[in-house]
Amino acid sequence: LSALFATLAGAMAHTHMEPRQQHPVTLTPDGTKLLALHSTAHSLSVFDVGSPPRSVPLLVAEIPTSSAPVSVKARSNDEAWVVNEASDSVSVISLSQGIILDTLRTGDEPADVCFAAGKAFVSCAQGRVISVFDATTRSPLGQIAIDGISPRAMVANADGSKLYVSCLLSGNRSTILPKELAPP
């Protein structure tokens, strides 16, 4: 019995959740830093890619995030927002200080973040909502209900006047196939 318990305990020590990454890699606006999520280690890796570009990225920081980071977007050259699926939060990170500046609570199972018109929009898959924050003050501004299952990836149009949301398993008969080739 103790051998079985030891085997089970050893197996449990290596168990981890692998979250569904949405946008795990991005560049800062000036193109000098590459930001990459390490979801199972709950961290953000920061690489100097230089200006002019380096031939090999140089790891300059490993910054802890909250549980199960799935998406990262740089709001500025020093501020990155990391969406954490398991902890239902967003970590606002200072790249120069290597710390979390703020933790924002979101709806259930956040997946992505997008900036437009001075706001931050966070898709929340389980709640079928977009949590909205003031991008500067980080104060919550409310939620937008989404008529689709599991809203995930988002992008704003060029002038920031429209937000496009992609839903996983949306049930709205959308397809990337030509209409003639799609099943009924």
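The values are calculated or read from the model by the stated rules, or taken from the named source; none is laboratory data. This is a predicted model, so every value here is computed, not measured. Backbone-built Cβ (ideal geometry, glycine too); neighbour counts: all protein chains shown. In case anyone asks, the SASA skips ligands and DNA or RNA and just uses the protein heavy atoms, side chains included. Shrake-Rupley method; radii C 1.70, N 1.55, O 1.52, S 1.80 Å.
Could you give the accessible area per residue of region 63-158, probe 1.4 Å, as a whole number in Å²?
Using a 1.4 Å probe on heavy atoms only, each residue of region 63-158 averages 38 Å².
Describe numerically, in nm with one decimal, the distance between label points set 7 Å from Cα along Cα→Cβ at Ser51 and at Leu181.
The two pseudo-label positions are separated by 4.2 nm.
Keeping the other protein chains in place, figure out the carbon and sulfur percent of the accessible area of region 32-120, with a 1.4 Å probe.
Answer for region 32-120: carbon and sulfur cover 53 percent of the accessible area.
Summing +1 for each Lys or Arg and -1 for each Asp or Glu, what net charge is found among the other residues whose Cβ lies under 14 Å from the Cβ of Ser71?
0
When the chain is fully extended, how far beyond the present Cα-Cα distance does Asp78 get from Ala36, taking 0.36 nm per residue of separation?
Extending this stretch completely gives an extra 13.7 nm.
With r as the distance between the Cβ atoms of Ala117 and Ile149 and R0 = 22 Å, compute the FRET efficiency 1/(1 + (r/R0)^6) and round to 0.05.
Taking R0 as 22 Å, the efficiency between Ile149 and Ala117 is 0.25.
Evaluate the relative contact order of region 66-123 (contact order divided by residue number), counting alpha-carbon pairs under 8 angstrom at least 6 apart; express in whole percent.
28 percent
Between Leu59 and Asp108, 0.36 nm times their residue separation minus their Cα-Cα distance comes to what?
Gain on stretching Leu59 to Asp108: 14.4 nm.
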